[in-house]
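So the structure is just underneath, and the comments pick up after that.
No lab work stands behind these numbers, since they all come straight from the coordinates. Just so it is clear, the model here is predicted, and its values are computed rather than measured. Here the Cβ positions follow ideal geometry from the backbone for every residue, glycine too, while neighbour counts run over all protein chains shown.
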Amino acid sequence: MDKYDVLRQYFGYDSFREGQETLIDAILSGRDVLGVMPTGAGKSLIYQVPAMVMDGLTLVISPLISLMKDQVAALNAEGIPAAYVTSAQTPEEMNTALASAAEGSVKLLYVSPERLENTRFLALAGQVPIALVAVDEAHCISQWGQDFRPSYRKIDRFISSLPRRPVLAAFTATATDRVMEDILNSLGLSDPAVTCTGFDRSNLYFEVRRERDKEAFIKSYISAHPGISGIIYCATRRSCDLLYASLERGGFSVTRYHAGLSAEERQENQEDFIFSRKDVMVATNAFGMGIDKSDVRFVIHHSLPLSMENYYQEAGRAGRDGLEADCILLFSPGDVHTDRFLIESRTVEPSLTPEEMREAAAGDERRLAMMTRYARTTGCLRSFIRGYFGENAPATCGHCGNCCRDTVEIDRTSEAVTVVRCVLALRERYGAGVIAGVLTGAKRQKLTAMGAEHLSHYGALAPMKESEVKSLIDQLILEDILEETPGRYTCLKCGPHAEELLGGTCPVMARIEVLKPEPVVGRAAERRRRIAESDVLDTVEMALFEKLRALRKELASLEKVPPYIIFADKTLVDMCRKKPKTEAELLEVYGVGKNKLARYGKDFLAVIRKEGQGE
Ligand code: ADP
Ligand code: MG
């Protein structure tokens, strides 16, 4: 069987995606590989296809039990013999898995890194010819990454202990140079073929929204997208609990996850979400590592994540199946203070010297400042993200929240000068709130108390709204004309470009929104279709889609697997388009391989046929 047979017959896909084939070919020719590709790019297939082509066993080292279970279930559903060995198994379960690996009836064996030191496991490894060792989530090997796992450092020793050195393949979505170097060195990859695909995820729609009432926004968003899986990230356990309780009271299908819950509750809630028994997961950043649920349609951040890396990783859990998904960051300037507080109250690492502590704190501040820039930019969000990860991206993508906004550019230079003069007149001792209040002539107790009415700048920008002045200030910060002092009580002061502005050599152009964006609820119908497919399904097809979804859910609960293991959303959408009548036609549908055809073909064909007659 060659690689194309495996791709078509088992996975039901027609072609390889960017980067897959080169690495598969390298593995098949006996060369080590390193694949650095974003979440959802399809890294697993790169070792799963060779595993079926090569003689011998493929060992997959994976950091999380939930991840292993999920992948093994998915492989078994495709008819690929796979099993896993974890510390959570009984000795009997482990023996069964090892025995089937030993006799060759399992082609892929998933193991947690800790098991590599287990004597019984080592005994097996010595007997069975191992063709390939795939290290998934390979960044866990690096102390510089946030998911460091010490036992990943022992993989190297395990490999050298084998009678014959297998091909080694490592995969990660984390691409900083430091982490990549660590992977190459610590794993001992020899002359590997390295592929780094771009970091863009074209199916993700990014948006930053300034919402006064975040909870109201979230409720209207979920109401507009019923029955759809999504994650809402909160900064703290407390805000997670509060939002969860409020949504629960509102009758929404929600669950929650954070480190303050018992292990059982976390496990149960996670499964409710993965098995689509609950639609929405409200969680802290403790949730998500190893969540392979492919049909997450939205990730909303209730507040600012601590870094761009965190943001892209968390938001990236949306749309792994390649269908459209929303990544929405809700931002209010006060969030920056919450985050600073979180950073400041972090536990002190006893192993660090005061010098290292200061360095770490400065790093935290830098990361947060970058995240704040993202939240405030009026430019293309996708281009911002790609630029941050070191890619050259076009200045506009045409389909992020900022690119979609209807804006005109207007000259704000003279207003900007007034803002800076006011900051200077107040001796750089006040924050954006006070400055905007003074300039618009607001009447507030705090302003009265400081005698604002008597200042020469009081009301100097009076026709403008306070919110407009604030967004102008945001822009001046982005352009390094103003700066915010670090710390809890931030003050505005002049930045490196302030002088140029005052000297008249630095015009300030602002993008002003022409139309108010429609309320999200109004876009529901259109969004709902976008969710089904980027090219819109018509109403009849949409009705069929819902029927197929219902069938999938029924089969999933019978077999006790998550619905997306049976068929991905994308497969259902393709069925609605192609409306196959025969088994041969069904086999042409995206993601339908021989095994799934045999298992589910009749049921799905029956629904499609019945719906077709109803027309
Ligand atoms: P990663 O590990 O890179 O985050 P996965 O391996 O989990 O991504 O794959 C994401 C999704 O893409 C899975 O649903 C997988 O079946 C699908 N996929 C992978 N390769 C292909 C392909 N060549 N054609 C179509 N779908 C694919
Ligand atoms: Mg993966």
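Here are a few things to note about the model shown:
- Within region 1-41, chymotrypsin sites (Phe, Trp or Tyr not before Pro) in DSSP loop having at most 13 other beta-carbon neighbours inside 10 Å: none
- Square roots of five times the Cα gyration tensor eigenvalues for the chain, Å: 48, 30, 22
- Selection from Y152, V419, L368 lying farthest towards where the dipole of the chain points positive, charges on Cβ: V419
- For the chain, share of DSSP beta bridges that run antiparallel, in % to the nearest 5: 15
- Listed by chain and number, the lysines placed with their C-alpha closer than 22 angstrom to that of K446 are K465, K470, K493; residues fewer than eight positions away on the same chain are left out.
- Charge context of A99, other residues only, Cβ under 15 angstrom, K/R +1, D/E -1: -1
- Sorting the segments 243-256, 27-40 by their mean number of nearby beta carbons within 10 angstrom, highest to lowest, gives 27-40, 243-256.
- Counting neighbouring beta carbons within 10 Å and listing from fewest to most, the residues C380, C404, C491, C140 come out as C404, C491, C380, C140.
- In region 148-207, trypsin sites (Lys or Arg not before Pro) in a DSSP loop with at most 10 other beta-carbon atoms within 10 Å: R164
- Couplings for region 53-70, taken from phi via the Karplus curve 6.51 cos²θ - 1.76 cosθ + 1.60 with θ = phi - 60°, read 7, 7, 6, x, 9, 10, 9, 10, 9, 9, x, 10, 4, 4, 5, 5, 4, 4 Hz in order; Gly and Pro are left as x.
- Under 5 Å between amide hydrogens, built in the peptide plane, is the criterion, and for A235 it picks out S303 among residues at least 5 positions away or on other chains.
- Helix 539-559 and the longest principal axis of the C-alpha atoms of the chain enclose an angle of approximately 60°.
- For region 533-576, fraction of C-alpha pairs farther apart than 12 Å, in %: 58
- Among V133, V434, Y84 the positive-end extreme of the charge dipole of the chain (Cβ point charges): V434
- For K578, the lysines whose Cα falls under 22 Å of its own Cα, not counting residues fewer than eight places away in the same chain, are K547, K553, K570, K594, K596, K602, K610.
- Extension gain, E359 to A462: 0.36 nm times the residue separation minus the Cα-Cα distance gives 32.8 nm.
- Fraction of beta bridges assigned by DSSP in region 204-388 that are antiparallel (%, nearest 5): 0
- Relative contact order, whole percent, for region 262-355 stands at 25, derived from Cα pairs under 8 Å and 6 or more residues apart.
- Averaged over residues, the count of other Cβ atoms within 10 Å places the peptides 312-325, 556-569 in the sequence 312-325, 556-569, highest first.
- Cα-based Kirkwood hydrodynamic radius, region 406-515, one decimal, Å: 14.1
- Take the Cβ atoms of E264 and T236, set R0 to 30 Å, and the FRET efficiency comes out at 0.85.
- Bridging of K69 to lysines at a Cα separation below 16 Å is possible for K107, K293, K560, once same-chain residues fewer than 8 apart are set aside.
- Stretching the chain fully between H337 and E391 yields a gain of 16.4 nm (0.36 nm per residue, less the alpha carbon separation).
- For the pair E117 and S220, a Förster radius of 35 Å applied to the C-beta separation gives a FRET efficiency near 0.10, rounded to the nearest 0.05.
- Shown here for region 368-427: trypsin sites (Lys or Arg not before Pro) in loop regions (DSSP other than H, G, I, E, B) with at most 16 other Cβ atoms within 10 Å, namely R405, R427.
- Principal-axis analysis of the Cα atoms of the chain puts helix 177-187 at an angle of about 20° to the longest axis.
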